[in-house]
Amino acid sequence: MSGLTRCLGSSIGRKGLMGITGILLSLFLIAHLIGNLLVFAGQDAVNHYAHALKANAALLWFMRGGLFLVFATHVYLALSLTAENRRARPVKYVQEHTQVASLASRTMVLTGLLVLAYLIFHLLHLTKGVIGHEAWSSKLPDGSQDVYTMVVLGFKSPILSGVYLVSMALLYLHLSHGLKSFWQSLGWNHPVYRPLFEKIGTGLAAILVIGFASIPLTILLGVIQLPGGGN
Amino acid sequence: MKLTLHIWRQKDAQDKGGMVRYEVDGVSEHSSFLEMLDVLNDGLIEKGQDPVAFDSDCREGICGMCSLVINGRPHGPWTATTVCQLHMRAYRDGDTIYIEPWRAKSFPVLKDLIVDRSSFDRIQQAGGYVSVNTGNAVDANCLPIGKPAADQAFDAAHCIGCGACVAACKNASAMLFVSAKVGQFAVLPQGQTERKERVLSMVEQMDKEGFGNCTNQYECEAACPKEISADFMRMMNLDYFKSSATTS
């Protein structure tokens, strides 16, 4: 058995892979957030970015394929490891006591699955336009999609914005444990660096989620408005 | 003091088992938790009932035999303390106490509060040793070992293999135990020859035994009566990856 095969079949190896896929997904979130924040730079900036992304179809689908693979691996490992964990304690304690495990760490599977449900919703909303089709169909004078108007119109709905804001709170819970945990899973969490790594983990989770949530919030509050200042 | 106890009773490994309520009176606050159970058992024997079976040996906190989950905490409410060193002054007259065995598929209950921990023995046998030629004792200090390395090895070697880490872990993972047994040799020159095989074999055996997977919640570290640091798990993770990458 090769070292890699053995490693990927072991508990430690699969936990390491959870960490690596988690890092890759977080890197995607960073890139996604930077793109999203262009909404604050105005209609032209975000539309230019969106069109540039779509212009290179081959690269876009390569990235989407890679992202799907990473995401599917992360979810599959989470579910299979959790199933093993449940089997490892067939009889529960009558008196359950928790000393140090955080709420976030104890709800990773739940928050993960809810974020997955949100992701499907998000793709149906802003990528495919199945939800909020009218806003999704906004066009620029040249006939191309007006992403800026789509976003602003979409988030004017308190219900849709509410779904996004609640989902971001769940994502924060998930990331606040995940971004601290992977350092340990990969063996990098040396006591000298641990306080720094934990701050980076919690800080990055907070920055990402506040960043994402700022868009529906500012639209709801009327800070970001439709082109021409219309409501 | 007078106490109400809810104790897990199970005739044998096949029995379904369940909690049974007992009242115990006249418990001295100076007695240990196990002595309190001895008082209960004396009463049960006098009444012609089967006494509660529980593990204990040295009763001075070093053998790792005692293994009770008390009100949901392995070894009870005191930190860095085994059940035998837990004293009844931790409780008040009229308290209700729940006593359960370690809960893990890899630690099957044999009777009442006694579990079979031979899975730990098999993990140890998979690589938790150093191979040396026997014969005359070697001269002292013929192998220079730095103070930090000696301290680290000693910290890991504190593990008494009681299994509280498994009992406390939300996933019944044995990572803290295995990492201590790997870690006690990992920094010593005597441990280097078999270092790679040791970590690979012991982790493989740990997985075979059906323990759960670590989710970095550190309940194990909080419950450990010997205060084994979760950093040994970090070291074992890294050691495991390095050894996997450089072993065919």
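The values are calculated or read from the model by the stated rules, or taken from the named source; none is laboratory data. Just so we're clear, the structure is a prediction, and the values are computed from it rather than from any experiment. Because the Cβ atoms are built from the backbone with ideal geometry, glycine has one as well, and the counts that use them run over all protein chains shown.
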For the range B:27-40, which residues satisfy the criterion of being within 24 Å of the chain's Cα centre (by Cα) and assigned to a helix (DSSP H, G or I)? B:33, B:34, B:35, B:36, B:37, B:38
What is the one condition in (1) at pLDDT 95 or above; (2) not in a helix (DSSP H, G or I) that residue A:66 does not satisfy? (2)
In this structure, does residue B:93 turn out to be among the acidic types (Asp, Glu) and under 14 Å from the mean Cα position of the chain (by Cα)? no
Hey, can you tell me all the residues within the range A:192-231 that are closer than 25 Å to residue A:122 by Cα and of a type in the set (Val, Ile, Thr)? A:202, A:207, A:209, A:210, A:215, A:218, A:219, A:223, A:224
Looking at A:178, A:228, can you tell me which residue is part of a helix (DSSP H, G or I) and buried (at least 21 other Cβ atoms within 10 Å of the Cβ)? A:178
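A quick yes/no check of all residues on (1) more than 13 Å from chain A (Cβ to nearest Cβ); (2) surrounded by fewer than 18 Cβ atoms within 10 Å (Cβ to Cβ); (3) farther than 21 Å from residue B:226 by Cβ; (4) of a type in the set (Asp, Glu):
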{"residue": "B:38", "(1), (2), (3), (4)": "yes, yes, yes, yes"}
{"residue": "B:45", "(1), (2), (3), (4)": "yes, yes, yes, no"}
{"residue": "B:48", "(1), (2), (3), (4)": "yes, yes, yes, no"}
{"residue": "B:54", "(1), (2), (3), (4)": "yes, no, no, no"}
{"residue": "B:81", "(1), (2), (3), (4)": "yes, yes, no, no"}
{"residue": "B:104", "(1), (2), (3), (4)": "no, no, no, no"}
{"residue": "B:109", "(1), (2), (3), (4)": "no, no, yes, no"}
{"residue": "B:134", "(1), (2), (3), (4)": "yes, yes, yes, no"}
If you check residue B:232 against the conditions, is it in a helix (DSSP H, G or I), farther than 22 Å from residue B:108 by Cβ and touching a Cys at 6+ places or on another chain (Cβ under 8 Å)? no
Taking the range B:220-248 and keeping only residues that are facing chain A (nearest Cβ under 8 Å), within 16 Å of the chain's Cα centre (by Cα) and among the acidic types (Asp, Glu), one is left with B:221
Are any of the residues in the range B:143-150 outside any loop (DSSP other than H, G, I, E, B), facing another protein chain (nearest Cβ under 9 Å) and either under 18 Å from residue A:81 (Cβ atoms) or not aromatic (Phe, Trp, Tyr) (or both)? no
The range A:1-43, residues that are free of Cβ contacts under 8 Å to residues at least 12 places away in the same chain, more than 21 Å from the chain's Cα centre (by Cα) and more than 14 Å from every other protein chain (Cβ to nearest Cβ): A:41
Checking the conditions here, which among B:43, B:94 is in contact (Cβ under 8 Å) with a residue 12 or more places away in the chain, of a type in the set (Gly, Ala, Ser), in a helix (DSSP H, G or I) and not assigned by TED's automatic domain parsing to the domain that holds residue B:198? B:43
Condition (residue is within 14 Å of another protein chain (Cβ to nearest Cβ), part of a helix (DSSP H, G or I) and surrounded by 15 or more Cβ atoms within 10 Å (Cβ to Cβ)) applied to the range A:87-99: is it met by at least one residue? yes
Considering the range B:1-19 alone, what residues qualify as being assigned to a strand (DSSP E or B) and closer than 20 Å to residue B:66 by Cβ? B:3, B:5, B:6, B:7, B:8, B:9, B:19
Before we move on, is residue A:186 hydrophobic (A, V, I, L, M, F, W, C), closer than 30 Å to residue B:240 by Cβ, loosely packed, with under 13 Cβ neighbours inside 10 Å and modelled with pLDDT of 95 or more? no
Of the conditions (1) assigned to a loop (DSSP other than H, G, I, E, B); (2) more than 14 Å from chain B (Cβ to nearest Cβ); (3) of a type outside the set (Phe, Trp, Tyr), the single one that residue A:159 does not satisfy is (1)
